[in-house]
Amino acid sequence: MKLAPPPVSASWNHHGARVGFEVAFFSDHDGGHRLAGHTTANESAALWSVEYDVTVDSSWRTVAVQASNETVAGMREVTLTRDVADGWIVDGKPRHELDGCVDVDFESSAVTNTLPIRRLDFIVGKGVDVPAAFVRAEDLRVDRLEQRYTLIEASPERLIFHYESSTFDFACDIPFDRAGLVVEYPGIAVRTPTGRG
């Protein structure tokens, strides 16, 4: 499953579960890649803003994450690192319940769904379990997220994955572009046109 290079930037309108906007920027970094972005939203009358900076290696395996948020309760920060054995350190403390996770996933973001898509060589019809270190939007709490992706369509224009999460008892079909970025996350976010590719 060959993917196109990621764009230099992308953005999404968040709707349904929340009302908000996200921007993300992609760059090369120390032989790997960097995703940096920001989401601001109103979710169930709670206002929050989350800024993230994710470093991945050349195979798109998460290496380090820094994030901050601001709510009416003030500002918080969290730092995550993943070692070569897929062990995680969160704010300086080992989090063994995250062992085996390779990706980070932000509740506030549509862009982190691209990490397993770019990292793995999916085959149509074959589901793959991809648990992730899940960072909550409102308080930056980090939990284990159980999720599964199944490639159900691969065309020159797009990829469609069936997504399932037993953590949230949730499932949907998500279309991605050929760079592995979400086009529409049902009930959550829709990609917006940007001036630069």
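The values are calculated or read from the model by the stated rules, or taken from the named source; none is laboratory data. Keep in mind that what you see is a predicted model, and the values were worked out from it rather than measured. Cβ: placed from backbone, ideal geometry, glycine included. Neighbour counts: every protein chain shown. Note: accessible area is taken over every heavy atom of the protein model, side chains too, but ligands, DNA and RNA are not part of it. Shrake-Rupley method; radii C 1.70, N 1.55, O 1.52, S 1.80 Å.
Worth pointing out:
- Flag if I174 is under 16 Å from I117 (Cβ atoms), in contact (Cβ under 8 Å) with a residue 24 or more places away in the chain and either open to solvent by 20 Å² or more (accessible area, probe 1.4 Å) or of a type in the set (K, R) (or both): no
- Every test in (1) more than 18 Å from T39 (Cβ to Cβ); (2) open to solvent by 50 Å² or more (accessible area, probe 1.4 Å); (3) out of contact with any Pro (no Cβ under 6 Å at 6 or more places or on another chain) is passed by T194 save one, and that test is (1).
- Complete set of residues in segment 24-62 that are assigned to a strand (DSSP E or B), open to solvent by 60 Å² or more (accessible area, probe 1.4 Å) and closer than 29 Å to P5 by Cβ: F25, D28, H29, R34, H38, T40, E51
- Residues (open to solvent by less than 60 Å² (accessible area, probe 1.4 Å) and either acidic (D, E) or touching a helix residue (DSSP H, G or I) at 6+ places or on another chain (Cβ under 8 Å) (or both)) located in segment 180-191: G180, L181, V182, Y185
- Selection of segment 114-139 for residues being under 20 Å from A24 (Cβ atoms), open to solvent by less than 40 Å² (accessible area, probe 1.4 Å) and assigned to a loop (DSSP other than H, G, I, E, B) yields V130, A137.
- In segment 161-170, the residues that are closer than 16 Å to I188 by Cα and either surrounded by 13 or more Cβ atoms within 10 Å (Cβ to Cβ) or in contact (Cβ under 8 Å) with a residue 40 or more places away in the chain (or both): F161, H162, Y163, E164, S165
- Each residue in segment 140-155 was checked for being part of a loop (DSSP other than H, G, I, E, B) and either under 10 Å from E107 (Cβ atoms) or open to solvent by less than 60 Å² (accessible area, probe 1.4 Å) (or both), and 4 pass.
- Among residues of segment 5-14, those that are assigned to a loop (DSSP other than H, G, I, E, B) and either closer than 18 Å to N69 by Cα or touching a Gly at 6+ places or on another chain (Cβ under 8 Å) (or both), counted: 3
- Here is the figure for segment 107-146: residues that are in contact with a Pro (Cβ under 7 Å, 6 or more places away or on another chain), over 24 Å from F21 (Cα atoms) and in contact (Cβ under 8 Å) with a residue 40 or more places away in the chain total 1.
- Whichever residue in segment 163-191 is outside any strand (DSSP E or B) and among the aliphatic types (A, V, I, L, M) and, among such residues, is farthest from L35 (Cα to Cα): I188
- The C-beta contact set for segment 95-106 (first residue within 20 Å of V128 (Cβ to Cβ) and open to solvent by 60 Å² or more (accessible area, probe 1.4 Å), second residue of a type outside the set (S, T, Y) and assigned to a loop (DSSP other than H, G, I, E, B), distance under 9 angstrom, 6+ apart or interchain) comprises D99/A85; D99/D86; D99/G87.
- Matching residues, segment 74-94, being surrounded by fewer than 21 Cβ atoms within 10 Å (Cβ to Cβ) and within 30 Å of A45 (Cβ to Cβ): G74, M75, R76, E77, V78, T79, V90, D91
- With respect to the conditions (1) under 27 Å from I174 (Cβ atoms); (2) open to solvent by less than 70 Å² (accessible area, probe 1.4 Å), T71 lacks only one, and its number is (1).
- When V23, V84 are checked against the criterion of being farther than 16 Å from F134 by Cα, out of contact with any Phe, Trp or Tyr (no Cβ under 8 Å at 6 or more places or on another chain) and at pLDDT below 95, V84 stands alone in meeting it.
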